Amino acid sequence: WARAQFAVARRRDPANALLMVQEEESFMEIGRNGEAHSVAVRVATLHPEFGKPFADLGYIALLEGRNQDASDTLLLATAKEFHADEATRADVWGNLSAAYLNLRRYGDALEAAERTLALDPNHRGAILNRQAALRGLGRAP
């Protein structure tokens with residue numbers, strides 16, 4: 001049902017980034033990352049300045065264990081526009097930190113975790129990532 005409703009809405013306004021991001025997030029919430037990926041690519045193509053689709057593409061890559069792809073895409077996302085959505089921007093930096101940890105790039109992971117914490121000092125994932133990065137650098141907290 002929801003898929004049909006999104007299709008109707010897309011026909012009415014095929015370039016509406018917010019609508020497409022809603023569709024993409026709906027697919028991600030139910031674990032249909034392939035479909036979310038397709039929608040995110042469409043949004044990123046139509047609106048290359050918008051950070052959310054790049055953030056989601058990076059997150060999907062992270063979930064799939066494609067850590068180099070995740071880090072590359074998430075790093076691109078950090079330079080994009082989030083329209084004052086600092087929570088999402090913090091999540092991008094946190095996910096980038098996780099990708100770097102998986103790649104054993106501990107210095108980069110620490111820097112990304114600290115960027116997250118600058119945006120959201122209580123970001124649980126970034127706190128844990130920072131600790132892991134410090135351990136990886138031999139500077140256990």
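The values are calculated or read from the model by the stated rules, or taken from the named source; none is laboratory data. Note that this is a predicted model, so its numbers are computed, not measured. Here Cβ is always computed from backbone atoms with ideal geometry, including for glycine, and neighbour counts include all displayed protein chains. Please note that ligands, DNA and RNA were not included when accessible areas were found on the heavy atoms of the full protein model with its side chains. Shrake-Rupley method; radii C 1.70, N 1.55, O 1.52, S 1.80 Å.
Against the chain, whose longest principal axis comes from its Cα atoms, helix 106-119 is set at around 60 degrees.
Its Cα centre serving as origin, region 18-77 has a Cβ charge dipole (Lys and Arg +1, Asp and Glu -1) of approximately 60 debye.
The apolar share of the surface of region 18-125, taken as the fraction of accessible area on carbon and sulfur atoms (1.4 Å probe, ligands and nucleic acids excluded), comes to 51 percent.
Cα convex hull, region 80-122: 60 Å³ per residue, rounded to a whole number.
Could you tell me which of W93, L103, L46 has its Cα farthest along the dipole of region 17-116 towards the positive end, charges placed at Cβ (Lys, Arg +1; Asp, Glu -1), taken about the Cα centre? About the Cα centre, the residue reaching furthest to the positive side is L103.
Expressed as a whole percent, the proportion of Cα-Cα pairs in the chain lying more than 18 Å apart is 56%.
Taking the C-alpha atoms only, the angle from helix 33-46 to the longest principal axis of the chain is near 80 degrees. Helix 124-136 and the longest principal axis of the C-alpha atoms of the chain enclose an angle of approximately 40°.
Accessible area per residue for the chain, computed on protein heavy atoms with a 1.4 Å probe, is 54 Å².
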